[in-house]
Amino acid sequence: MNHTWYVTFEVPRTGSLVQRRNPRLTKTFETETEAIDFARTKFEAGLIVTAGTINPHLPRRAIPSEEIPAWLESDPTQEARDQDDTHGPTTKMD
């Protein structure tokens, strides 16, 4: 199992004690689609979510919380096809 994506989300506070930091948890995924599905559930629950790829996966991606809504609406399969197209043909045609 080779996980290449992560999603980090804030953990809702419990109790009445004031804490200095917001606790966060991170979960890893094999595919961007799985990461998007998980991030969507946390985002819709009102949590702050960030995501990205795990090194050394290329291309490296970091999705800050401000860009999560757009990322959730993206189509990772289309983006992968677009990236493959930018590399051009592997053989030269005469």
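Here's the yes/no breakdown for (1) at pLDDT below 95; (2) part of a strand (DSSP E or B); (3) among the basic types (Lys, Arg):
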position: Val7; (1), (2), (3): no, yes, no
position: Arg13; (1), (2), (3): yes, no, yes
position: Arg20; (1), (2), (3): yes, no, yes
position: Glu34; (1), (2), (3): no, no, no
position: Ala39; (1), (2), (3): no, no, no
position: Phe43; (1), (2), (3): no, no, no
position: Leu47; (1), (2), (3): yes, no, no
position: Ala51; (1), (2), (3): no, yes, no
>> at pLDDT 60 or above and over 14 Å from the mean Cα position of the chain (by Cα): is that true of Gln78 in this structure?
In response: yes
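The values are calculated or read from the model by the stated rules, or taken from the named source; none is laboratory data. Given the structure is predicted, the values throughout are model-derived calculations rather than measurements.
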